[in-house]
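The values are calculated or read from the model by the stated rules, or taken from the named source; none is laboratory data. What you see is a predicted model; the values in this text were computed from it and never measured. Note: ideal-geometry Cβ built from the backbone for every residue, glycine included; neighbour counts use all protein chains shown. These accessible areas exclude ligands, DNA and RNA; they are computed on the full protein's heavy atoms, side chains included. Shrake-Rupley method; radii C 1.70, N 1.55, O 1.52, S 1.80 Å.
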Amino acid sequence: MKLHTKLSLFGLSLSLCLLLGITTNIYAFTEIYFEIQPVIEHGDVPNPNVLIVLDPGHGGYDKGCSGAKRHEKDVNLEIARKLKEYLERTSTKFEVILTRESDQFISLEKRIEIANHKEADLFISVHCNSLPHGHASGSETHVAGLDFVNANQNDYLKRHNFIDPTALAKIKRDQLSQAEKMLILKNSLDLAALVSNSLGKHLPYKSRGVKESGFTVLKYLKMPGVLVEAGFLSNSKQEAYMSTSEGIHQIANSLATAVENYVVHNKLEEEKQLAYERFMNEIQIVKEFSETTYSIELLLTKDKPLLYYEPRWDKLESIYVVKKGDFYHYRTGYFTNMKAAQNVIPTLLSIGFENPKIIDVPPKK
Ligand SMILES: [Zn+2]
């Protein structure tokens, strides 16, 4: 039962958060829904775009470290916003999500969950550094090592981790095979090397290199990820630099260059597009019923399938796509009677589907 497996991973907590207020309806809907398994879940449709999750560290009451004038959380957000802008300008095939858009507190587990649930291709957490005495200088690029040993870990963890252990227990990176973990580490190191070189080349201070660390936000990712310490806020020169638009531009620009090089080198764009096209060409109705069944059609597009990242998809238990000729039909649910399907319509309207239509799925002849 694939859907159940997914729910037990992240889905349950996520659905509960997302569906606050309409939970009852959805669960009534779920009961009917579970009678027959969906053909294709939206999570199974490959994203044709390269999805990059940017994570501005800290936020809200968690200020991160501070310089004489600036809090880390604000600098992190400025860099991440600029980086999103530059990446989106680099390629129409780049899709960029920020884990926070404003000065708000987001737990580490939520940040991880966003990247894992969206099946991001890359994850970059943006931070600034701090050490007493003010003379420490440079950028750092961190990856999560498989076997993390670092004497400074406790200091880092104290400063960077605001984490609820119960919530973290739900995130099961352990379900990845050893080979998958190795591949993630290898790719993280590739990305980190590009990031570190690019920062060293374009910023007015040195790169202190790539380090293996135990940052929680990296350890539980299911995709390659790095954590960047853009510079030292405890160093007055670097604080001043990171407080100028030129400084933010240079940092974001060098990160964008590194990401672009990584994507080109790994042929990520072509690979994703190919997987998506292959999948969409194979779409067909594989379910056959002995009696007339009902489903709800939400949207219809011609020629070109809708992009994977449709925010409304997340609010559905699942969605399936049926290709007929040039048309792509987006449907949800199978219902054994018309009344059950009708009961779901108000929920779909409240989610924002303007014209959900009940359709017959004819029986097998
Ligand atoms: Zn930080």
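Worth pointing out:
- Pairwise label distance in nanometres, Glu180 with Ala136, each label 7 Å out on the Cα-Cβ vector: 3.5
- Electrostatic bookkeeping for Lys272 treats Lys and Arg as +1 and Asp and Glu as -1; over the other residues with beta carbon under 13 Å from its beta carbon, the sum is -4.
- Taking the DSSP bridge list for region 50-270 and keeping only pairs wholly inside it, about 20 percent are antiparallel.
- Taking all protein chains together, Arg208, Arg111 sort by accessible area into Arg208, Arg111, largest first [probe 1.4 Å].
- Rough spin-label spacing in nm, given labels placed 7 Å along Cα→Cβ, for Asp326 and Leu349: 3.3
- Span per principal axis, largest first, for the Cα atoms of region 50-270 (Å): 45, 38, 30
- Cross-link pairs Lys110/Lys186; Lys211/Lys267; Lys110/Lys237; Lys82/Lys110; Lys181/Lys272 - those with Cα-Cα distance over 29 Å: Lys110/Lys237
- Note that region 75-131 presents 35 Å² accessible area per residue, ligands and nucleic acids not counted, probe 1.4 Å.
- Note that region 227-243 has calculated 3J(HN,Hα) couplings of 10, 9, 9, 5, x, 9, 6, 6, 9, 4, 5, 6, 5, 5, 4, 6, 9 Hz, one per residue in order, obtained from phi through the Karplus relation 6.51 cos²θ - 1.76 cosθ + 1.60 (θ = phi - 60°); glycine and proline are x.
- As a calculated quantity, the FRET efficiency between Lys357 and Ala275 at R0 = 35 Å, using C-beta atoms, amounts to about 0.70.
- Nearest-0.05 FRET efficiency for Lys339 and Thr92, computed from C-beta distance (R0 45 Å): 0.50
- Size of electric dipole in region 50-270: Cβ of Lys, Arg +1 and of Asp, Glu -1, about Cα centre, debye, nearest 20: 300
- Carbon plus sulfur fraction of accessible area for region 50-270, probe 1.4 Å, in percent: 52
- In plain terms, the chain from His249 to Glu297 could stretch by 12.8 nm, reckoned as 0.36 nm per residue minus the Cα-Cα distance.
- Sequence of Asp121, Asp55, Asp103 from largest to smallest accessible area, 1.4 Å probe: Asp103, Asp121, Asp55
- The modelled label-to-label distance for the pair Ser102/Tyr205, using points 7 Å beyond Cα in the direction of Cβ, is 3.1 nm.
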